[in-house]
1. Among 49, 268, 172, which one shows the highest mean-square fluctuation when the chain is modelled as a Gaussian network with alpha-carbon springs under 10 Å?
2. For the chain, modelled as a GNM with alpha-carbon contacts under 10 angstrom, which of 165, 260, 287 fluctuates the most?
3. How long are the three semi-axes of the equivalent ellipsoid of region 1-156, in whole Å, if each is the root of 5 times an eigenvalue of the C-alpha gyration tensor, listed from largest down?
4. Please report the antiparallel percentage of DSSP beta bridges with both residues in the chain, rounded to the nearest 5.
5. Roughly how tilted is helix 307-318, in degrees to the nearest 10 and between 0 and 90, from the longest Cα axis of the chain?
6. Helix-derived [θ] at 222 nm for the chain: sum -39500 (n - 2.57) over DSSP H runs of at least 4, divide by residue count, nearest 500?
7. With a 10 Å Cβ neighbour count serving as the proxy for reagent exposure, in which order, fewest first, do 54, 39, 26 appear?
8. Angle check, please: helix 165-175 long axis (alpha carbons) against the longest principal axis of the chain (alpha carbons), in degrees 0 to 90, nearest 10.
């Protein structure tokens, strides 16, 4: 059987990435150029700056991915690209490059849903993983529990009703003076503190929903800090970071295990930037083992935005004959299942 080579392109936020993946699961190259240092001084991603940097980096990154893979552009079978959700200006840079290549090389174009890409990152290192399974997707913009019924079929069982978990991490890290990006900094700082020091709220909905809500938790942490400041009382940054992180992880794990139990599915996976969080990985694995579930997650580098996961998702679209035409446009608010 002929190998299928996919060139993946990802520019949905502040990482410019291109990758070459064989048969959906073998990463030949995966180049990621991060803009974290560029946006750090602003405390978050500035969309216009991100878009301009993508324009500057996209072609060198694609060329580097092809060079590292040892192939020429005309040797790929298809080009996969993120078209949503994400920052519209950033998405358009990747889309424009992918469409230009598809047209010039006469290669099929495959539009990929960004969240489907994150879910697919699990296939790159866990060769035995196949649908169906439950996947917790947690990042700066997304917090959702997805029933992965097939490689291209998804049902959202629960999602955030306000802030995403990663967004809450960033805001609390900023409040604690830790900087940006918040996720890794909270994770590191929490190791120095006591996670039981402050009892922050865990939100449960009376209707039995598997949805999340982190805005109340974020407000509780800010109120706690403001109250101590007004009283001129000191506090342990490590304790606050650890207690906040524990509250987030507790509810993420609890709802994901509930979802697995309700569907009768034995496999659980993690995806998205927050899936790199050490406490979430450890606590989810422990809960999965305790309940007889199998646990999967990607390496930290594949949790953040990267093109290898996009190429993987594109492969499973391509082999079922689903491609896009050159009118494909960026959809910043694209919902999972709409692609």
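1. Checking each option, the largest mean-square fluctuation is seen for 49.
2. Of the options given, 287 has the highest mean-square fluctuation.
3. 24, 22, 13
4. Taking every DSSP beta bridge with both residues in the chain, the antiparallel ones total about 60 percent.
5. Computed tilt is about 60 degrees.
6. Result for the chain: -13500 deg cm²/dmol, rounded to the nearest 500.
7. 26, 39, 54
8. 50
No lab work stands behind these numbers, since they all come straight from the coordinates. This one's a predicted model, so the numbers in the text were calculated from it and none came from an experiment. Counting neighbours? That spans all protein chains shown, and the Cβs are built from the backbone with ideal geometry, glycine included.
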